[in-house]
Amino acid sequence: MRILITGAAGFIGSTLAHRLLDRGDEVLGYDNLNDYYDVRLKQARLDRLTPRPGFSFVKAALEDRAALEAAFDTFRPQRVVNLAAQAGVRYSLENPRAYVDANIVGFLNILEACRHKGVEHLVYASSSSVYGSNRKLPFAVEDSVDHPVSLYAASKKANELMAHTYSHLFGLPTTGLRFFTVYGPWGRPDMALFLFTRKILAGEPIDVFNYGNHSRDFTYIDDIVEGVVRTLDRVPGPDPAFDPMQPTPASSSAPYRVYNIGNHTPVKLSRYIELIEEATGRRAEKRLLPLQPGDVPDTEADVSALMRDTGYSPGTPVEVGVRRFVEWYRDFYRV
Ligand SMILES: NC(=O)c1ccc[n+]([C@@H]2O[C@H](COP(=O)([O-])OP(=O)(O)OC[C@H]3O[C@@H](n4cnc5c(N)ncnc54)[C@H](O)[C@@H]3O)[C@@H](O)[C@H]2O)c1
């Protein structure tokens, strides 16, 4: 299959690209390599993909309609995985416009291109952050998600709504994936595991928000990629069980689905730090701080919808995943 991956120089996108190339798909990567975090890391991810047969790459932004349309015209993707986005909860308090540009305008361009170029299936990244102020755990796709607590979360929820209209009006099959705190080798430098590992190895103190008491459904990168591949291969149709008199947010009379992809085993932040200490062989010096605005205290995925439709649910234990990350980090940065 010909598959266009946006955000292919990113953490999840680059890992997914390898996985699809391994099974013989042709992949066009699309990414603007912006400087939200270290561009050398993005370039290093890309450098491992570029020599692989079946891989090609376009450096451009989602907002650049002409470049995006040209990429669709030349490559003629059958399926599209949209992972390019302005990510990060905390940064959305400082730079809200970046989220509207990449996640709203950019996503509209993706929808329009998919609509006009006859794409069979659009899979796109949503986020566990859409659950916002919900406190009913685990978070289920049947729950309402109308209380986002950051603009990042609102932009992801907006993507789901926009996708639904395109599924309904133009019959474009779409699948939204709510990823839960993804971690692992080639990960993101703005996320806790990366920040903590860097500081612990450098002998610097780490900032521990919510005094280490919040819990996260940390999900290993390979499990996320497995979930993306399983859902990518399953083009949704209208759900015959959908009842407009009792509408569930998870499905529709349109070819539209959303799934949680999470480890369904929440881990306390303080435990996560212990695992980094074990893997690095160093003690962390902790600066205990209150919960940050925009953050949610706990996350946990209900993955029954994913399991029902794809027969898969993530399961890599954090003990294994953190060790693999620290090994990769030490090797990559030679520390
Ligand atoms: N990593 C997580 O824990 C997590 C959790 C939930 C959701 N997500 C979502 O999954 C997707 C991938 O996340 P990631 O962790 O790989 O992030 P990432 O930042 O590593 O990857 C995103 C890539 O998209 C590119 N990009 C950003 N804006 C762009 C634009 N306007 N045009 C073209 N390229 C652009 C970036 O250069 C980057 O390489 C994102 O949509 C993110 O919001 C991630």
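Only the coordinates and a few stated rules stand behind these numbers; no lab work does. Given the structure is predicted, the values throughout are model-derived calculations rather than measurements. For neighbour counting, all protein chains shown are included, and Cβ atoms are generated from backbone atoms with ideal geometry for every residue, glycine included.
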If Thr219 passes every condition in (1) under 19 Å from Val320 (Cα atoms); (2) touching a helix residue (DSSP H, G or I) at 6+ places or on another chain (Cβ under 6 Å); (3) among the β-branched types (Val, Ile, Thr); (4) within 15 Å of the ligand (Cβ to nearest atom) but one, which one does it miss?
(2)
Positions within segment 27-53 being surrounded by 16 or more Cβ atoms within 10 Å (Cβ to Cβ), without any contact (Cβ under 8 Å) to a residue 60 or more places away in the chain and either small (Gly, Ala, Ser) or in contact with a Phe, Trp or Tyr (Cβ under 8 Å, 6 or more places away or on another chain) (or both), in sequence order:
Val27, Leu28, Gly29, Tyr30, Asp31, Leu46, Leu49
When restricted to Ala61, Ala70, Ala84, the only residue within 13 Å of the ligand (Cβ to nearest atom) and farther than 15 Å from Ser14 by Cβ is Ala61
Check Arg230, Arg234 and return the single one that is charged (D, E, K, R), touching an Asp or Glu at 6+ places or on another chain (Cβ under 9 Å) and part of a helix (DSSP H, G or I).
Arg230
Looking only at residues that are outside any helix (DSSP H, G or I), away from the ligand (no atom under 14 Å from the Cβ) and closer than 27 Å to Arg2 by Cβ in segment 104-145, which one is nearest to the chain's Cα centre (by Cα)?
His121
A careful count of residues in segment 36-58 that are in contact with a helix residue (DSSP H, G or I) (Cβ under 6 Å, 6 or more places away or on another chain) and more than 9 Å from the ligand (Cβ to nearest atom) gives 5
Going through segment 8-37 in order, the residues found to be aliphatic (A, V, I, L, M) and part of a strand (DSSP E or B) are Val27, Leu28
Test: residue in segment 156-170 that is part of a strand (DSSP E or B), within 15 Å of the ligand (Cβ to nearest atom) and under 16 Å from the mean Cα position of the chain (by Cα)
no
